[in-house]
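What follows is one structure encoded as structure tokens, with my remarks underneath.
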Amino acid sequence: MNSDETTTPAPASPIEAEQPIVEEPAKGSGLFLKVLLVLVILAGGGAGAAAYYYRGQVKQLKEVGPEQAAQAETAALIAKVSQLILLPGDEQPTVATVADPEKLQDQPFFKNSHKGDKVLIYTKAKKAFLYDPVAHKILEVAPVVIGSETAGATTPPAPPVKAQPQP
């Protein structure tokens, strides 16, 4: 070795002197990620199952058709109402739904009606039934008066009008 060379070590730079700090992951974070992954997979599977079910229902409704669906709904309604009261069995009723009970409040038949109530009208039996599907109750039963039957009825004659001569 030369005398010119000294054996003193070179000062280390501050960057070199620091050792990188490696943080160890928390013990619970691995479990958290696994639980999160399972939840995401379950949510995706649930969404897929719901889409599959919805698609099957739409396909079934398209195959049935609106008229057949209405007939099935009417049959189900008749079955529910017939649990409460004896319905005429020799005819199929006309079914109507109460859309705005406020407009019908002046008619006694609809006094206790609510939006969504069903009216079953049997024209041959001349009866109407007001049914509340939510409460599963018959709200009113009334006779049906068809307009053509009242056309032949007699009305009392109007009193005679006396004409007075003009001067």
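Quick note: the coordinates plus some simple rules give every number you see, no bench work behind them. For clarity, every value in this text was computed on a predicted model and none was experimentally measured. Cβ coordinates were reconstructed from backbone atoms using ideal geometry, including for glycine residues, and neighbour counts include every protein chain displayed.
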Qualifying positions in the range 81-93 - exposed (fewer than 13 other Cβ atoms within 10 Å of the Cβ) and in contact with a strand residue (DSSP E or B) (Cβ under 8 Å, 6 or more places away or on another chain):
Leu84, Ile85, Glu91
Would you mind telling me which numbered condition in (1) farther than 17 Å from Glu140 by Cα; (2) part of a loop (DSSP other than H, G, I, E, B) Gln71 fails?
(2)
Return the only residue of Lys59, Lys124 being basic (Lys, Arg) and outside any loop (DSSP other than H, G, I, E, B).
Lys59
Within the range 99-117, is even one residue touching a Ser or Thr at 6+ places or on another chain (Cβ under 9 Å) and part of a strand (DSSP E or B)?
no
Only residues that are more than 30 Å from the chain's Cα centre (by Cα), surrounded by fewer than 14 Cβ atoms within 10 Å (Cβ to Cβ) and touching a residue at least 24 places away in the same chain (Cβ under 8 Å): list them for the range 124-151, please.
Lys124
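Which of the residues spanning the range 64-86 are among the charged types (D, E, K, R) and either in contact (Cβ under 8 Å) with a residue 40 or more places away in the chain or in contact with a Leu (Cβ under 7 Å, 6 or more places away or on another chain) (or both)?
Passing the criteria: only Lys80.
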Taking the range 78-101 on its own, how many of its residues are more than 21 Å from the chain's Cα centre (by Cα) and either of a type in the set (Lys, Arg) or over 13 Å from Pro133 (Cα atoms) (or both)?
10
